[in-house]
Amino acid sequence: DGDLDLFVANYGCQPCSLQNRPPYDLGHAKLFRNDGNGTFEDRTDLLEGIEGVQAMGFAGLWFDADGDGDPDLLILNDTRANQQEEPRTTSSDGPSVTGAPGNALVRNDGPGCDGWCFSDGTIQAGLGQRGGYMGGAVADFSGTGRPDVFMSNTGIVGGPAVLLENGGGRYEDVAPDRNAALGEWSWGATPIDANLDGLVDVFVPVGYAEALNMLHLDQARQLGTTGLGEKRAEILAGEAGVPEEAIRPPYPVADDPQPRTDNNRLLLQQADGSFEIHVIGDTDAHPPPHYTSAVADFDGDGWPDVVTGTLGQGYALLRNTGATGAGNHRIALRLAGDGDHVNRDAVGARAQVRGSDGAVRTSWVQIGSGLGGGSDTELLIGMGTATAVELTVTWPDGTTTTVSDLPTDQRGVLRYGESAPTWEPFATPR
């Protein structure tokens with residue numbers, strides 16, 4: 001209807017086991033319908049009966065997972081804190097969890113069902129992974145023209161997963177084969193073509209929040225910020241009557257010898273589909289934990305820049321100098337809807353740019369992905385050494401616009417209903 005609706009993930013469930021911490025009763029995840037008059041209607045009832053909706057939700061990612069033209073909802077859950085049935089077990093491969101609701105794919109089935117129909121598509125799509133999932137990035141990592149998903153993880157239960165659609169609407173985890181299974185405690189994740197070679201990379205904030213991750217605020221006041229290991233279990237077991245094995249954190253504590261100097265990672269995709277891992281940033285100037293990241297070309301030079309947020313340490317703005325990928329071509333494209341047939345920011349639109357090398361680069365206008373931050377809705381499309389030949393935009397209402405004779409290394413705005421973008425050159429780097 002041209003109005004953007006809203007899903008709010010909630011980190012709370014009741015009942016929850018005490019494997020990691022006392023139960024949370026913080027309400028429920030919510031789905032709000034935009035009525036178009038400045039108000040929202042609570043339609044969470046449309047999601048009833050879908051497993052994994054009401055759990056330890058960290059993020060909600062809207063994208064067309066099954067290719068039917070409407071946005072589906074992937075909910076990322078922190079399963080390690082939501083073990084409702086079976087206890088955590090430990091093996092030579094590290095901790096694992098079973099029995100709790102994992103991630104959930106809410107499939108959008110269209111009109112009907114008292115307004116709109118949603119169903120559980122998790123098992124069919126293969127997206128019910130269990131772990132400490134924090135944030136996600138949706139992009140065409142595989143170059144197939146379909147949306148793939150990168151999910152960040154705590155590193156306790158598995159590692160981050162790159163899930164590539166196999167062509168039938170089902171996703172397969174290829175992270176170990178692609179050198180993307182980070183062991184670090186990772187939070188948000190943001191897609192970016194950092195060197196504009198036409199291969200999508202991913203920026204991953206990394207870090208570990210010791211006291212704030214292991215204690216509620218009132219517990220932190222009791223214990224301070226040190227002595228979080230044995231002493232923590234001792235005090236809580238004594239004062240709250242909670243079994244020690246239910247309190248002891250399965251992750252490192254303050255006196256653990258494991259270093260806390262982790263910094264952000266840039267997973268730079270290579271021509272063979274694998275990822276080369278780069279450490280990004282200065283831990284002295286911006287110490288971990290790093291929670292969130294967002295991408296925008298803030299200085300207008302056509303290179304994607306990154307802002308990161310750290311816990312209690314403010315923000316860092318990382319300017320892309322273009323040194324890696326110098327000489328690569330690119331196109332920046334902002335899409336705009338009419339607010340009636342298509343929402344104002346054209347969220348959900350797909351842009352496909354065919355290059356002189358024959359390859360097609362596919363991007364989507366997204367909001368609300370990652371964790372705790374959102375990237376600019378402008379699409380910055382890397383072309384590598386190729387030039388742009390043809391642009392095809394599929395709007396959220398299903399209509400398409402095709403534009404030929406594209407300029408390269410320019411910034412354009414294409415409005416719904418118009419036949420061609422307006423173009424301007426990139427700013428000169430300062």
Taking the alpha-carbon centre of each part, the distance from segment 363-423 to segment 310-357 in Å is 8 Å
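Roughly speaking, what is the stretch gain from Asp177 to Glu418, that is 0.36 nm per residue apart minus the C-alpha to C-alpha distance, in nm to one decimal?
Details: separation 241, 0.36 × 241 = 86.76 nm, distance 4.36 nm.
The Asp177-Glu418 span can extend by a further 82.4 nm.
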Once Arg344 and Arg170 are pulled to full extension, the length gained, defined as 0.36 nm per residue separation minus their Cα-Cα distance, is 59.5 nm
Residue separation between Leu317 and Thr377 times 0.36 nm, minus their alpha-carbon distance, gives in nm 19.8 nm
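Where does each of 316-324, 49-57, 358-366 land if you order them by average Cβ count within 10 Å, highest first?
Working: 316-324: 15.1, 49-57: 21.8, 358-366: 19.3.
Listed from highest to lowest mean packing, they are 49-57, 358-366, 316-324.
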For the pair Ala296 and Ala271, the simple spin-label estimate (label points 7 Å beyond Cα toward Cβ) gives in nm 3.6 nm
Between the modelled labels at Thr39 and Gln124 (7 Å from Cα along Cα→Cβ) the distance in nm is 3.5 nm
Here the Cα Rg-to-2.2 N^0.38 Å ratio for segment 329-425 is 1.04
Here FRET efficiency (C-beta to C-beta, Thr385 to Tyr11, R₀ 60 Å, nearest 0.05) is 0.85
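Read the figures in this text as sums done on the coordinates, not as results from a lab. Only a predicted model underlies this, so the values are computations on that prediction, with no experimental measurement involved. When we count neighbours, we look across all protein chains shown, and the Cβ atoms used for this are built from the backbone with ideal geometry, even at glycine.
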